[in-house]
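Below you'll find the structure, written out as structure tokens, and then a few comments.
The values are calculated or read from the model by the stated rules, or taken from the named source; none is laboratory data. This one's a predicted model, so the numbers in the text were calculated from it and none came from an experiment. As a convention, Cβ positions derive from the backbone with ideal geometry for all residues, glycine included, and neighbour counts pool all protein chains shown.
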Amino acid sequence: MKKELAKKSGSMVRTTENAVRQRSGAAHVLIALMLFGFAMTVAFSIDFAYMQLIRTELRTATDAAAKAGAEALMRTKNTSAAIDAAVQYASLNKVAGRSFQISRSDVLLGQATVGSDGLWRFNDGQLPYNSVRVNSRVGGTGVFGSVPLFFQKLTGGNGFKTSSRATAAQQSVEIVLCIDRSASMSYNMVGIDYRFSAGNPLLYANSYYPTALWRNICSPPHPTQSRWAVLRSAIDQFLTEAGKLTNPPRTAVVTWSSDYKLEYYPFSTYTTTSTDVSLPSASSSNWTANSNSIQMALTNLGNKPLAGATRLSDGLDRAVQVLTGTGSQVQSNKVVILITDGMWGECRDPQLAAQDAAALGVTVHCVSMLTGTQDILTKVANLTGGRYYPTADSTGLQTAFRELAQTIPIVLTE
């Protein structure tokens with residue numbers, strides 16, 4: 001009996017051991033399959049994210065190439081120069097860590113028109129040319145080869161291929177120069193408050209004022225060395241460049257500071273905002289007359305004292321009102337160029353004004369003088385699809401306004 005029990009007990013132990021080994025082997029297989037599945041999931045996830053990055057980089061390069069080609073076409077009226085510019089600007093962008101390349105045959109010239117439904121249509125080869133289309137490819141028939149993926153051997157791929165297309169065209173543009181006319185615009189370009197340039201021929205009689213500081217504050221800005229004068233020169237550059245365009249933008253001027261009254265002669269009073277040059281009529285707009293009106297308005301302002309605080313949002317709100325008023329065309333590209341030399345205050349948050357502008361389809365480009373990079377102006381520009389230009393001197397200001405004049409009329413239509 002004992003022997004039989006021992007045999008049964010040994011048999012049961014061996015059976016249990018075999019079952020454990022079988023279960024352990026099955027678990028190992030299951031774990032291996034799970035690890036392989038996990039590895040494949042990770043591989044696909046990493047490669048998918050990389051493919052998305054490549055698509056984004058390709059879109060950026062394509063957009064830049066189309067806009068550069070359209071700008072060159074508008075500026076030079078030369079089709080070969082337009083194609084060259086598109087090819088060159090494509091190469092200035094990187095895709096998958098490499099300088100992107102397109103061929104001249106990837107660049108098409110034609111005419112873009114906007115229909116009653118508000119949609120743009122590109123007509124390849126139709127004269128007169130006003131737009132450039134760029135067809136870009138990664139892999140396939142493109143000159144830029146396919147991009148190897150990190151795990152393509154594991155997943156069985158042969159490199160990533162994709163394509164993108166962008167069309168940029170010249171569009172009718174309405175612009176408001178939204179200019180800070182606060183007291184600090186009379187200061188010199190040193191970048192320190194209450195510093196005025198010597199030898200100002202526009203200073204009023206000394207007898208009117210208790211101190212030299214008040215004399216400078218209450219007199220017109222220096223005609224060549226004040227911040228206002230430097231800004232005037234940059235705006236003149238803008239007007240010159242804009243005048244070279246086939247269809248110069250209809251341009252208004254809004255200036256702003258705050259409600260204020262000078263304590264001494266000439267005891268001038270100031271309102272927060274004013275429309276110094278109205279938006280010209282679309283049916284009878286003449287660039288020479290428009291440009292002369294702007295220069296005359298700024299000259300008149302510069303012949304009087306500048307005063308008040310930096311109520312930036314009020315100025316932006318007034319500019320948006322001009323661009324959405326009765327003199328504006330619905331299909332026009334609406335742009336505000338906001339210029340300031342100070343930090344905003346005594347008004348609502350400029351981000352709220354920017355959100356309102358964006359909701360009405362208004363783009364805001366911001367230019368600052370001598371303030372360093374302002375985070376709030378970066379946000380205003382970003383919220384509306386514009387750009388921010390922080391400038392430290394007259395050269396930087398000239399460059400900013402020249403670039404704005406050349407690029408504002410170019411829009412991506414596709």
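Taking the options 118, 69, 140, 110, name whichever one is at pLDDT below 90, of a type outside the set (Lys, Arg) and under 20 Å from residue 412 (Cβ atoms).
Sole residue among the options that is at pLDDT below 90, of a type outside the set (Lys, Arg) and under 20 Å from residue 412 (Cβ atoms): 118.
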Single residue of segment 320-339 satisfying the filter (of a type in the set (A, V, I, L, M, F, W, C) and over 19 Å from the mean Cα position of the chain (by Cα)) that is surrounded by the fewest Cβ atoms within 10 Å (Cβ to Cβ): 330
Out of everything in segment 280-301 that is small (Gly, Ala, Ser) and in contact (Cβ under 8 Å) with a residue 12 or more places away in the chain, what residue ends up being surrounded by the fewest Cβ atoms within 10 Å (Cβ to Cβ)? 281
Across segment 186-225, the tally of residues that are among the β-branched types (Val, Ile, Thr) and at pLDDT below 95 stands at 2
Within segment 358-414, the residues that are within 10 Å of the chain's Cα centre (by Cα) and either in the same structural domain as residue 72 (by TED's automatic domain parsing) or not aliphatic (A, V, I, L, M) (or both) are 363, 365, 366, 378, 382, 384, 385, 386, 387, 388, 389
Among the residues of segment 371-391, write down those that are over 19 Å from residue 238 (Cβ atoms), out of contact with any helix residue (DSSP H, G or I) (no Cβ under 7 Å at 6 or more places or on another chain) and crowded, with 18+ Cβ neighbours inside 10 Å. 374
Candidate set: segment 254-279, residues that are in contact (Cβ under 8 Å) with a residue 24 or more places away in the chain and among the β-branched types (Val, Ile, Thr); chosen: the one nearest to residue 203 (Cα to Cα): 255
Out of segment 308-327, which residues are among the hydroxyl-bearing types (Ser, Thr, Tyr) and within 16 Å of residue 358 (Cα to Cα)? 313, 324
I'm told residue 228 meets every condition in (1) over 13 Å from residue 341 (Cβ atoms); (2) at pLDDT 95 or above; (3) assigned by TED's automatic domain parsing to the domain that holds residue 258 except one. Can you identify the failing condition by its number? (1)
Give me the residue from segment 185-202 that is in contact (Cβ under 8 Å) with a residue 12 or more places away in the chain and surrounded by fewer than 17 Cβ atoms within 10 Å (Cβ to Cβ) and, out of that set, nearest to residue 368 (Cα to Cα). 191
How many of the residues in segment 107-130 are surrounded by fewer than 16 Cβ atoms within 10 Å (Cβ to Cβ), under 25 Å from the mean Cα position of the chain (by Cα) and within 17 Å of residue 71 (Cβ to Cβ)? 0
Scan segment 204-230 for residues that are surrounded by 17 or more Cβ atoms within 10 Å (Cβ to Cβ) and without any contact (Cβ under 8 Å) to a residue 24 or more places away in the chain and jot them down. 215
The listed residue being within 27 Å of residue 245 (Cα to Cα), crowded, with 20+ Cβ neighbours inside 10 Å, touching a helix residue (DSSP H, G or I) at 6+ places or on another chain (Cβ under 9 Å) and not hydroxyl-bearing (Ser, Thr, Tyr), out of 133, 104, 137: 133
Where residues in segment 306-319 are under 22 Å from residue 390 (Cα atoms) and of a type outside the set (S, T, N, Q), which of them is surrounded by the fewest Cβ atoms within 10 Å (Cβ to Cβ)? 309
Which of the residues spanning segment 390-405 are over 21 Å from residue 71 (Cα atoms), in contact (Cβ under 8 Å) with a residue 12 or more places away in the chain and outside any strand (DSSP E or B)? 392, 393, 394
